[in-house]
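Take a look at the structure below.
The values are calculated or read from the model by the stated rules, or taken from the named source; none is laboratory data. In this text the structure is predicted, and so the values were computed from the model without any measurement. Ideal geometry is used to build each Cβ from the backbone, glycine not excepted, and the neighbour counts take in all protein chains shown.
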Amino acid sequence: MKVLKVKISDVKTNPKNPRLIKDDKFKKLVKSIQEFPQMLELRPIVVDENNIVLGGNMRLKACIEVGLKEVFIVKADDLTEQQKDEFIVKDNVGFGEWDWNILANEWDTDKLQDWGLNVWQQSPEIDYSILDDDLSEQMSDMTNGVKKAIQIEFEAEHYEEASNLVKFWRERQAYVGSMIIEYLKSEKNKL
């Protein structure tokens, strides 16, 4: 495939493109093009035979915002209408995942944020001291026969799985608290 440099006015946005980048993320895209315009030649906009964008709609809009007069394109002029639609969606699907461990240890967080990646926020230390207070006497009258709850923290990547597991067991009328207690006891006994 040959990369071509064309007038930006010759390239048309695709009204069928279902992917949007708005507000702060769009500003970050504009900023990234301003700071690293060479990226556009390395990752050209993909267009069909009529110069309608199949991949890079938001980049085109950001280029217009920046005030560029020309953009780099690659023509995909041999695709069927179904292939064009498929390309539009597949080009915008994020199949991969970030390796947060590598990002945290090998990359500069500020640069990642500048480049448009939404990175983690350092969470404040959690104060567990309230859990050490024995409130049982004050609560005994109110809690007779009532289940109590405690909060358990999960890393973001485990939260959905944990939530689904709790829901699974609750739907089966299982007492999740006893399951957790039994597991924690067995782990403690291993020490």
Practice task
Please work out which residue is nearest to Trp100 (Cα to Cα), limiting yourself to region 142-157 and to residues that are β-branched (Val, Ile, Thr) and modelled with pLDDT under 80.
Solution key: Ile150
Problem - Residue list for region 7-30, restricted to those being modelled with pLDDT of 90 or more and assigned to a helix (DSSP H, G or I) - result: Ile8, Ser9, Asp10, Val30
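Among Asp114, Asp91, Asp77, Asp85, which is the only one that is closer than 16 Å to Val11 by Cα and either at pLDDT below 90 or within 16 Å of the chain's Cα centre (by Cα) (or both)?
Details: Asp114 fails: closer than 16 Å to Val11 by Cα; Asp91 fails: closer than 16 Å to Val11 by Cα; Asp85 fails: closer than 16 Å to Val11 by Cα.
Selected residue: Asp77, the only one of Asp114, Asp91, Asp77, Asp85 that is closer than 16 Å to Val11 by Cα and either at pLDDT below 90 or within 16 Å of the chain's Cα centre (by Cα) (or both).
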Completion exercise
Among (1) under 20 Å from Leu4 (Cα atoms); (2) of a type outside the set (Asp, Glu); (3) under 25 Å from the mean Cα position of the chain (by Cα), Lys69 falls short only on (3)
Practice task
Kindly establish whether Val93 is over 19 Å from Asp48 (Cα atoms), touching a helix residue (DSSP H, G or I) at 6+ places or on another chain (Cβ under 7 Å) and either β-branched (Val, Ile, Thr) or in the same structural domain as Glu155 (by TED's automatic domain parsing) (or both).
Solution key: no
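So, in region 67-90, exactly how many residues are part of a helix (DSSP H, G or I) and surrounded by 15 or more Cβ atoms within 10 Å (Cβ to Cβ)?
The total comes to 3.
Filter region 4-15 down to residues that are among the hydrophobic types (A, V, I, L, M, F, W, C) and closer than 19 Å to Ile88 by Cα, then give me how many there are.
1
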Exercise for the section: Answer yes or no: is there a residue in region 23-39 that is free of Cβ contacts under 8 Å to residues at least 40 places away in the same chain, surrounded by 15 or more Cβ atoms within 10 Å (Cβ to Cβ) and not aromatic (Phe, Trp, Tyr). Expected result: yes
Problem - Residue list for region 52-66, restricted to those being crowded, with 16+ Cβ neighbours inside 10 Å and either of a type in the set (D, E, K, R) or not in a helix (DSSP H, G or I) (or both) - result: Ile52, Val53, Leu54, Gly55, Gly56, Arg59, Lys61
